[in-house]
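First comes the structure, then the notes that go with it.
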Amino acid sequence: MKKALVSGVTGQDGAYLSKYLLDKGYEVYGMYRRTSTPNFWRLDYLGIFDKINIISADITDFSSILDAIKTSQPDEIYHLAAQSFVRASFESPIATANIDGISTLNFLEAIRMYDESIRFYFAGTSEMYGKSVQYQNKKLNEESPFRPVSPYAAAKLYSYWVTKIYRDAYKLFSVSGILFNHESPLRGLEFVTRKISNEVARIQLGLSKELRLGNMDSKRDWGYAPEYVEAMHTMLNSKNPKDYVLATGESHSVREFVVEAFKVIGENPGRYVKSDRTFLRHNDFDLVLGDPANARKELGWKPKTSFKELVKIMVKEDIKRWNLWQEGERFPFDAPYYKEMDMKKKGREILE
């Protein structure tokens, strides 16, 4: 039986990946950051919490990572944990550098010292391209230049390069997936897609009367998260270690997402959507579009869920959740719901 160690197991990707690996017969170890209020709702939601070996660890501490590796004895490591909010990276740049940059070096050095046969996956991001999206009127691929414009993107780019350096210098099987936006019902409420699906569901059930948004014209390459974690696994089980862009190759605006979401409930968005400048994002890009041609050709991977299907999945799931809440069920999801909704008050709306 293969063993996998997943950092960031409580996040969207960590939860979906863990389920995917369990279904494939893996023994899964999940790393999480100890907090006063453990956030395991996604694992509960997928019905896999009691099937995962949970390890409390600090990814910024080398000895903690080494202990986790010694405990789990993994064949594969998926490093998904991150401080993933662009604006927060300006507020806490040093913490972001440690979490999103140095943590990857900790993993790679631990692998080099303890067991070089362990295969390592790092979760990169389209944010690493930064200003390249402004200068290129074409899809971004593995050869497109990186021009980060935030501490978050710079820290992720450090991880990307150090992953490649350890692959070349020490012959480790270490790869980076350059993931464009990928959404699901497990997205946090601070992300614009889930904010839309959640509020549309509340409007449908009479729990809300408006949806406030920032830049409606921003376009993103939005895919379905469960399909992206399959690609992560495929990358680590390929013959040769190589980095890949994972994207749909299609772009859609926030406005299009809103229109499709309101179609699900048969309502006109014009009655409910309000513009709010407090949600405008600094250094925002109008268009982000990826080219997954290499992943399609060499990995045999391609997204299956269309944009319209993705929106429908998210809205219907949020309607289901709020129906449960109205029926008096214990809030079975988004345990830190009200904490996340405080993001509204702080004027944060995350497109990535």
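The values are calculated or read from the model by the stated rules, or taken from the named source; none is laboratory data. Keep in mind that this is a model prediction, so the values were computed, not measured. We place every Cβ from the backbone using ideal geometry, glycine too, and count neighbours over all the protein chains shown.
Return yes when Glu142 is in contact (Cβ under 8 Å) with a residue 24 or more places away in the chain, surrounded by fewer than 23 Cβ atoms within 10 Å (Cβ to Cβ), in contact with a helix residue (DSSP H, G or I) (Cβ under 7 Å, 6 or more places away or on another chain) and not hydrophobic (A, V, I, L, M, F, W, C) and no when it is not. In short, yes. Among residues of the stretch 67-101 being in contact (Cβ under 8 Å) with a residue 40 or more places away in the chain and of a type in the set (Asp, Glu), the one that is nearest to Ser174 (Cα to Cα) is Glu76. Looking across the stretch 12-45, the residues that are in contact (Cβ under 8 Å) with a residue 40 or more places away in the chain and crowded, with 23+ Cβ neighbours inside 10 Å come down to Gln12, Asp13, Gly14, Ala15, Tyr16, Leu17, Leu21, Tyr29, Met31, Arg42.
Conditions tested, residue by residue: (1) of a type in the set (Ser, Thr, Tyr); (2) surrounded by fewer than 19 Cβ atoms within 10 Å (Cβ to Cβ); (3) touching a Phe, Trp or Tyr at 6+ places or on another chain (Cβ under 7 Å).
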| residue | (1), (2), (3) |
| --- | --- |
| Glu127 | no, no, yes |
| Lys138 | no, yes, no |
| Pro148 | no, no, no |
| Ala154 | no, no, no |
| Trp161 | no, yes, no |
| Arg167 | no, no, no |
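Note on the stretch 221-244: residues that are touching a strand residue (DSSP E or B) at 6+ places or on another chain (Cβ under 9 Å), assigned to a loop (DSSP other than H, G, I, E, B) and charged (D, E, K, R) total 3. Test Ser72 against the stated conditions and say whether it is over 25 Å from Pro241 (Cβ atoms) and among the polar types (S, T, N, Q). No.
Can you tell me how many residues within the stretch 1-54 are touching a Pro at 6+ places or on another chain (Cβ under 6 Å) and in a strand (DSSP E or B)? Of the residues in that region, 3 qualify. Exactly one residue among Val192, Val149, Val162 is farther than 25 Å from Tyr16 by Cβ, among the β-branched types (Val, Ile, Thr) and modelled with pLDDT under 95, and that residue is Val149.
Taking first residues from the stretch 164-186 that are among the β-branched types (Val, Ile, Thr) and partners that are at pLDDT 95 or above and assigned to a strand (DSSP E or B), the Cβ contacts under 6 Å between residues at least 6 apart in sequence or on separate chains come to Val175/Tyr121; Ile178/Gly124; Ile178/Val245. Candidates Ser92, Ser84: the one that is surrounded by fewer than 18 Cβ atoms within 10 Å (Cβ to Cβ) and either closer than 16 Å to Tyr166 by Cα or at pLDDT below 95 (or both) is Ser92.
Looking at Ser159, Ser174, Ser184, just one residue is touching a Leu at 6+ places or on another chain (Cβ under 9 Å), more than 27 Å from Lys304 (Cα to Cα) and of a type in the set (S, T, N, Q), and that residue is Ser159.
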